[in-house]
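Single-structure report; data block below.
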Amino acid sequence: MINSHRLSQRFIQLAEIDSESRHEARVAKEIETAVTRMGATVYYDRAQEKTGGDCANLVAKFPGNRDVPPLFLSGHMDTVVPGKGVKVRFDNGIFTSDGTTILGSDDKSAIAIILEVMEVIRENNLPCPPVELIFTVCEEIGLLGAKYLDLSLIDSRFGYILDSTDTEGIVTKAPAANKIFIDVIGRAAHAGAAPEKGVNAIYAAARAIAELELGRIDDETTCNLGIITGGMDHLQSGDHHRRHGHQHCSGKSGDQRRGPVP
Ligand SMILES: [Zn+2]
């Protein structure tokens with residue numbers, strides 16, 4: 001049912017359009033032409049105002065032919081560098097670049113597959129929910145397109161993003177890290193003559209650290225304090241103290257835990 005010739009031709013065509021991050025406009029136009037011909041309505045959000053690129057995120061809506069909840073399919077339009085002037089080669093069933101650039105199969109292969117799927121559904125009049133295609137910009141420089149995606153354009157509550165290297169399993173979450181900088185500010189006083197006028201920041205910090213839960217917090221979260229600086233003079237009660245914390249969490253952001261901040 002899949003037209004493998006059309007699929008590979010479309011992949012080659014997409015891969016040979018320059019679309020390094022912030023320069024996705026030409027590939028977006030190509031996608032827009034293809035999906036419009038297939039009956040989709042195309043929308044762009046205003047992500048380029050935040051990314052500084054030449055293109056926004058593209059959302060293409062297919063009405064579907066079943067009264068069921070909509071589904072989204074997504075990939076990103078940008079590539080890493082060097083991605084200008086890609087020349088695709090095809091030998092022994094494998095696509096490569098000519099060696100002077102990347103190939104850009106990340107994520108042009110996903111775009112080609114998604115478009116082929118929509119072609120096949122249309123040609124064969126297959127049962128299909130309303131489908132929203134979401135093609136984002138600036139993924140390779142920090143998922144900026146996804147970050148600034150105008151969610152008011154999206155009706156789907158679930159979908160699939162095609163952007164991983166293997167075909168085994170589905171990625172449902174990814175690691176994240178939070179950095180924490182804590183300034184502990186005391187009050188300077190002469191440690192010998194007037195200790196009762198001072199507030200010792202080092203002592204306060206030590207008590208706070210002793211209360212923190214560090215190391216492995218649960219099966220997906222670790223927490224570490226990495227740098228500690230402060231103090232000026234052994235006759236001054238420490239009046240300023242800084243700690244640098246670093247927390248890693250592999251859960252989604254809603255799962256992230258923070259140690260208590262004193
Ligand atoms: Zn990718």
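The values are calculated or read from the model by the stated rules, or taken from the named source; none is laboratory data. All figures in this text were calculated on a predicted structure; none of them were measured in a lab. Quick reminder, even Gly has a Cβ in these numbers, built from the backbone with ideal geometry, and neighbours come from all protein chains shown.
Determine, yes or no, whether ILE161 is aliphatic (A, V, I, L, M), within 16 Å of the ligand (Cβ to nearest atom) and over 17 Å from HIS76 (Cβ atoms).
no
Quick check on the range 109-116. Is at least one of its residues under 21 Å from ILE17 (Cα atoms), more than 16 Å from the ligand (Cβ to nearest atom) and touching a residue at least 40 places away in the same chain (Cβ under 8 Å)? Let's see the steps before the verdict.
So in the range 109-116, the residues under 21 Å from ILE17 (Cα atoms) come out as 109-116.
Restricting the remaining residues to those that are more than 16 Å from the ligand (Cβ to nearest atom) gives 115-116.
Still in the running and touching a residue at least 40 places away in the same chain (Cβ under 8 Å): 115-116.
Checking the range 109-116: at least one residue is under 21 Å from ILE17 (Cα atoms), more than 16 Å from the ligand (Cβ to nearest atom) and touching a residue at least 40 places away in the same chain (Cβ under 8 Å).
Here's the yes/no breakdown for (1) within 28 Å of THR222 (Cα to Cα); (2) among the hydrophobic types (A, V, I, L, M, F, W, C):
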site: LEU151; (1), (2): no, yes
site: ALA174; (1), (2): yes, yes
site: PHE181; (1), (2): yes, yes
site: GLY192; (1), (2): no, no
Single match in ASP183, ASP163, ASP150 (criterion: acidic (Asp, Glu) and within 30 Å of GLY230 (Cα to Cα)): ASP183
Those strands (runs of 3 or more DSSP E) lying entirely in the range 96-209 with at least 1 residues within 22 Å of GLY64 (Cβ to Cβ): 131-136, 159-161
Verdict on LYS147 being of a type in the set (Lys, Arg) and within 16 Å of the ligand (Cβ to nearest atom): yes
Top-ranked residue of the range 46-105 - restricted to ones that are surrounded by fewer than 20 Cβ atoms within 10 Å (Cβ to Cβ) and basic (Lys, Arg), ranked as nearest to the ligand (Cβ to nearest atom): LYS84
The range 210-262, subset of a type outside the set (Asp, Glu) and part of a helix (DSSP H, G or I), residue modelled with the highest pLDDT: ALA210
Every residue from the range 82-96 that is closer than 28 Å to LEU143 by Cβ and out of contact with any Ser or Thr (no Cβ under 9 Å at 6 or more places or on another chain): THR96
